[in-house]
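Each remark here refers to the structure printed beneath this line.
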Amino acid sequence: MLADRAPRRTSSLVVGVGAASGATGTEIEALVRGALGAAGLPLARVRAVATVDRRAGEPAVLALAARLGVPVRAYAPDELASVRVPSPSGPARAALGTASVAEAAALAEAGARGRLLVAKQKSARATCAVAEDPREEGVMPYELRHHGDAEVRGAGLTDLAVNVRAGTPPAWLRERLADALGSLAAYPDDRAARAAVAARHGLPPERVLLTAGAAEAFVLLARTLPVRRPVVVHPQFTEPEAALRAAGHVVERVVLREEDGFRLDPALVPEDADLVVLGNPTNPTSVLHPADVIASLARPGRTLVVDEAFVDTVPGERESLASRTDVPGLLVLRSLTKTWGLAGLRIGYVLGAPQALAPLARAQPLWPVSTPALVAAEACSAPAALAEAEAVARALAADRDFLAAGLAELPGARVVGPAAASFLLVRLPEAARIRERLRAAGWAVRRGDTFPGLGDEWLRVAVRDRGTSERFLAAARGVLAG
């Protein structure tokens, strides 16, 4: 059982790249994948792509880093010239002063204790090498456990960092939860809640597993599924990958590209991946992928996990797969946290075939969901609650459009769109500095550099009412003008 395995600790890898004029991203990626594969080294261990500074901005190099979900590290020629390499090249030395860009860059980034695992490999217009960095043992390249609540905890800021709807839970739900306190002496009974959730999706109760939030579901999946090649599609919520890594899995990333609008390309997912995880709509990009495109990822022997934590912020919950029973290996995760303001209560659920849910249920402790959480699941699945959520989603769309238009007018800003969820992803020059200055002005937004595939020029901003957005945009304009 994977649940009994201790997490493996491994050093991270650095890929050094040399690229001649005309080298393509496809050529470099094939070279790197071939080098790693021949050496038995997983892509998931790569934490950086290193090269000479004059090549760091090449589209092919940037495309490779985006595919791997890691940053590009640039080194000046004189820095590389001081690194001893096992495969020196006369032309490289004549052109750049270093005997091998790929080997020298990999070793320079790996540090004094780094060692070369893969010597220089060549294609027609590129070279690559791979070094091990022992300083990074057991360290994930991104802060996968960083979440939006860390941006506002104890700070007294106006919160645009957390994607929970403001002003929640509503009064009627608070009353239902208060009434549930009189039943705390009895052990929880989940039958009514399961039936309500099942009816809400037009499913039989045996296709519903209630969990202590979607986060528990990710842990259950990581600990119980006997997968060999798990793939997580990024940028997305980082908890699935963190849970898989903590359970000892080596995770491969498929990183969607900004130039493609962060839209899903099924061809990027390896054919032999036996677990694929993605969000819809995706956190943090706010992209809503077509349901049929996601369903096309299903394969015999593959578990397809779709995180729909934000789909109830989409009018009509369009593109949801929650009620589908014709997609083999499909598991859909839902949360009541966002729309109903129940992050502190911990309630979510998994929808899927009974035989797929059974091992997850066996891995849960007894009575995993509290009585108040069960009451919330039942109440929020009722027709009146669904009608309220639909009205909220429609109002949200107008508030999101207003905020998106205002963000797009900021100097140098690029807003990812069309957005579908309760947040927006925006790229701004010097976003890290802007985020800190916004904090000083009383506003919290979510940093983007903890999401694989993004860097420190990205911010995620939660959608609030128009008045709050107007004040935030005024603050942002003041920060940028200062």
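The values are calculated or read from the model by the stated rules, or taken from the named source; none is laboratory data. Quick caveat, the model's predicted, so the values are computed rather than measured. With ideal geometry, Cβ positions are generated from the backbone for all residues, glycine too; neighbour counts draw on all protein chains shown. What goes into the accessible areas is simple: the full protein's heavy atoms, side chains included, and nothing from ligands, DNA or RNA. Shrake-Rupley method; radii C 1.70, N 1.55, O 1.52, S 1.80 Å.
Taking the C-alpha atoms only, the angle from helix 171-180 to the longest principal axis of the chain is near 80 degrees. The distance from the alpha carbon centre of the range 406-436 to that of the range 315-372 is 31 Å, rounded to a whole number. Computed in the context of the full set of protein chains, the accessible area of the chain at 1.4 Å probe radius has 53% of its extent on carbon or sulfur.
With +1 on each Lys and Arg Cβ and -1 on each Asp and Glu Cβ, how big is the dipole of the chain about its Cα centre, in debye rounded to the nearest 20?
For this selection, approximately 800 debye.
The residue among L41, V72, V392 whose Cα reaches farthest toward the positive pole of the charge dipole of the chain, with charges on the beta-carbon of Lys, Arg, Asp and Glu, is L41.
Contact order for the chain, expressed relative to its length and based on alpha carbon pairs under 8 Å spaced 6+ residues apart, stands at 17 percent. For the range 25-34, putting each phi into the Karplus relation 6.51 cos²θ - 1.76 cosθ + 1.60 with θ = phi - 60° gives couplings of x, 5, 5, 5, 4, 4, 5, 5, 4, x Hz, in residue order, rounded to whole numbers and with x for Gly and Pro. Protection proxy ranking for 295-303, 123-131, using the average of other Cβ atoms within 10 Å per residue and placing the highest first: 123-131, 295-303.
Solvent exposure of the range 162-251 amounts to 42 Å² per residue of accessible area, where only protein heavy atoms count and the probe is 1.4 Å.
Summary of packing: across the peptides 281-287, 73-79, 249-255, the per-residue average of other C-beta atoms within 10 Å ranks them, highest first, as 281-287, 249-255, 73-79. Between the beta carbons of A353 and R394, assuming R0 = 45 Å, the FRET efficiency works out to 0.85 to the nearest 0.05. Quick check: the distance between the Cα centres of the range 219-285 and the range 185-204, to the nearest angstrom? After rounding, the separation between the Cα centres reads 29 Å. Got a sec? Charge dipole of the range 42-195, +1 on Cβ for Lys and Arg, -1 for Asp and Glu; which of V101, G154, T51 is way out at the positive end? Result: V101.
May I ask for the angle, rounded to the nearest 10°, between helix 371-380 and the longest principal axis of the chain, with both axes built from Cα atoms and the value confined to 0 to 90°? With both axes taken from Cα atoms, the answer is about 90 degrees. Annotation: amide H-H contacts under 5 Å for R263 (H modelled 1.01 Å from N, sequence separation of 5 or more, or interchain): R257.
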